[in-house]
Number of protein chains: 2
Amino acid sequence: MGTTKEVKKPKRRIMLIVAYDGTDYCGWQIQANGVSIEEVLTGAVEKVTGVRTTVYGASRTDAGVHALGNVAVFDTTCTIEGDMFARAVNTYLPDDIRVRASCEVPAGFHPRYGEILSDPVTIEGADGPKRPKAIKTYEYYVMNTTDIIPTERRTHWYLSYPLDLDQMRRAAKYLIGEHDFTSFCCPRTGVATRVRELTKIDITQEGDLITFHIEGSGFLMHMVRIIVGTLVRVGRGYYRPSRVLEILEAKDREEAGPTAPAHGLFLIGIDYPVFSTENTQQEDR
Amino acid sequence: MGTTKEVKKPKRRIMLIVAYDGTDYCGWQIQANGVSIEEVLTGAVEKVTGVRTTVYGASRTDAGVHALGNVAVFDTTCTIEGDMFARAVNTYLPDDIRVRASCEVPAGFHPRYGEILSDPVTIEGADGPKRPKAIKTYEYYVMNTTDIIPTERRTHWYLSYPLDLDQMRRAAKYLIGEHDFTSFCCPRTGVATRVRELTKIDITQEGDLITFHIEGSGFLMHMVRIIVGTLVRVGRGYYRPSRVLEILEAKDREEAGPTAPAHGLFLIGIDYPVFSTENTQQEDR
């Protein structure tokens, strides 16, 4: 008779698409001075798997910033089906944080870079093969009216003065592409390079609502909020559009406009080279 | 030489259009067990006028119900221009309560009935002249999806099961007109008659959002929420549409569906025979 051999359960990497109302949180990252999304999510994942695990987030959003599609991963030997983790984790979350979907991803997948480290994707670029980057989409909502609707105040920046959208659009064009965004970054950011690439800034209006839709492969601390604060100065007529180019070149935070408040900002989602967070049910590679 | 005669300043009635996020309030009416909209508004008006005054509200919304256009009046000898009270009172309000507009109204104007008591308006009806009534508009917002967006959760009722809009619309038709709404009313309501008139129920869908738009000349306690709770039972297939007629005829709260939660309900506005709250700047009669 053979002996029973214990089979070691394999580690799996689970991805969560996370939405939250950031109003009552000190931001994504665990901090001493308040309750963070990361902390609450880590606790809920532990309740499901029975094991304390690090939950890695794609975007460390600031205090008060909201998300429709932030991304987090964790490793587990738990055998729950990948798409069932969403429901399981939600059981232990307060209703201002929701896991919208979940799935199993390859072990090397990192939510910040979107690369499967052991098996990098390449695409044909003009200068030969290059590694595609994850694209993050943010939206910032301005209500351009004196008539404040209290139920909208937690998710919109109310501005009463008129804004010239065409001037803001002209200014935004200077920001598209790869630049050193030192002027649009909180000076206490501790990163090696402040070069980032913005791929799109659309500014649209519907009634009183002005939406800044911003896409890029990487964002520095406060970057979207300083961009919006600066574009609003242009829209108000305080800065001419070309001043944005001068601000970029100055590489000095003092040159840019104020940081727009956190509560108007939403992390909408992240598109990875291998899959979009808008469609998490597709097959893993 | 004549003596200086003190001129007594005349009393004026001021109307406020009030919006609020009801989440953190125990409702409109002053209560022992929580902070009410009425209490906070009365305090702000006192700070402006220097005198404690009763502030009469048109609609005593429940705890957690929101408003875009509730109406309140108070009397004052304060000489501030009618339309400037909005700004003055807002200075003393928290940002989840806002006065959207203000104006002076005739002394006999009552916000609940919309009548100028000393000088009632009449219109030609089929049976001779009749007094037109103020029409209140409520909207109730249902999000019909399993995918809960945390920033929408304070203002929408999330329902995950499919709802048949056509069946709900068929059922709603039975409620239009003048009826005894005892079955659609909280049993502890202390009113002389439970006959009310509903003039419109529109049910529309846009994406996941289902809007119940309900107009009528008077509403009983919890009436809109019990109507929505009952129509949702029809939409789910638990009640056939004609059951709504039987519920009306039963005059028994136990026969109707559950009370939909407060947080999906908005008092949109009130149209008075003499003026609409959507246009407060027009001349007084």
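The values are calculated or read from the model by the stated rules, or taken from the named source; none is laboratory data. Computed from a prediction, not measured in an experiment: that's the story for all the values here. Neighbour counts are summed over all protein chains in view; Cβ atoms, including those assigned to glycine, are modelled from backbone coordinates with ideal geometry. Calculation scope for accessible area: heavy atoms of the full protein, side chains included, ligands and nucleic acids excluded. Shrake-Rupley method; radii C 1.70, N 1.55, O 1.52, S 1.80 Å.
General remarks:
- Subset of the range B:237-265 [under 13 Å from B:Val142 (Cα atoms) and surrounded by fewer than 23 Cβ atoms within 10 Å (Cβ to Cβ)]: B:Pro261, B:Ala262, B:His263
- Sub-7 Å Cβ pairs linking a first residue in the range A:183-199 that is surrounded by 11 or more Cβ atoms within 10 Å (Cβ to Cβ) to a second residue that is hydroxyl-bearing (Ser, Thr, Tyr) and assigned to a helix (DSSP H, G or I), at least 6 apart or interchain, are A:Arg194/A:Thr182, ordered by first then second residue.
- The single condition among (1) modelled with pLDDT of 95 or more; (2) among the small types (Gly, Ala, Ser); (3) within 20 Å of the chain's Cα centre (by Cα) that B:Ser276 does not meet is (1).
- Among the residues of the range A:8-34, those identified as in contact with a Gly (Cβ under 9 Å, 6 or more places away or on another chain) and among the β-branched types (Val, Ile, Thr) are A:Ile14, A:Ile17, A:Val18, A:Thr23.
- Residues of the range B:151-176 classified as within 14 Å of chain A (Cβ to nearest Cβ), in a loop (DSSP other than H, G, I, E, B) and within 22 Å of A:Ala86 (Cβ to Cβ), total: 4
- Set B:Ile270, B:Ile210: member being in contact with a Lys or Arg (Cβ under 7 Å, 6 or more places away or on another chain), open to solvent by less than 10 Å² (accessible area, probe 1.4 Å) and over 21 Å from B:Thr182 (Cα atoms): B:Ile270
- Scanning the range B:83-100 for residues that are modelled with pLDDT under 95 and open to solvent by less than 20 Å² (accessible area, probe 1.4 Å) gives no hits.
- Residues located in the range B:12-41, provided they are closer than 22 Å to A:Arg153 by Cβ and among the polar types (S, T, N, Q): B:Thr23, B:Ser36
- Any chance A:Ile148 is within 14 Å of chain B (Cβ to nearest Cβ), in contact with a strand residue (DSSP E or B) (Cβ under 8 Å, 6 or more places away or on another chain) and hydrophobic (A, V, I, L, M, F, W, C): yes
- In the set A:Val65, A:Val18, A:Val55, only one residue is buried (at least 19 other Cβ atoms within 10 Å of the Cβ), in contact with a Ser or Thr (Cβ under 6 Å, 6 or more places away or on another chain) and among the aliphatic types (A, V, I, L, M); that residue is A:Val55.
- A:Thr146 fulfils the conditions (1) within 23 Å of A:Asp21 (Cα to Cα); (2) surrounded by fewer than 18 Cβ atoms within 10 Å (Cβ to Cβ); (3) among the polar types (S, T, N, Q) except for a single criterion, (1).
- Residue within the range B:183-191 that is within 14 Å of another protein chain (Cβ to nearest Cβ), of a type in the set (S, T, N, Q) and touching a helix residue (DSSP H, G or I) at 6+ places or on another chain (Cβ under 6 Å) present: no
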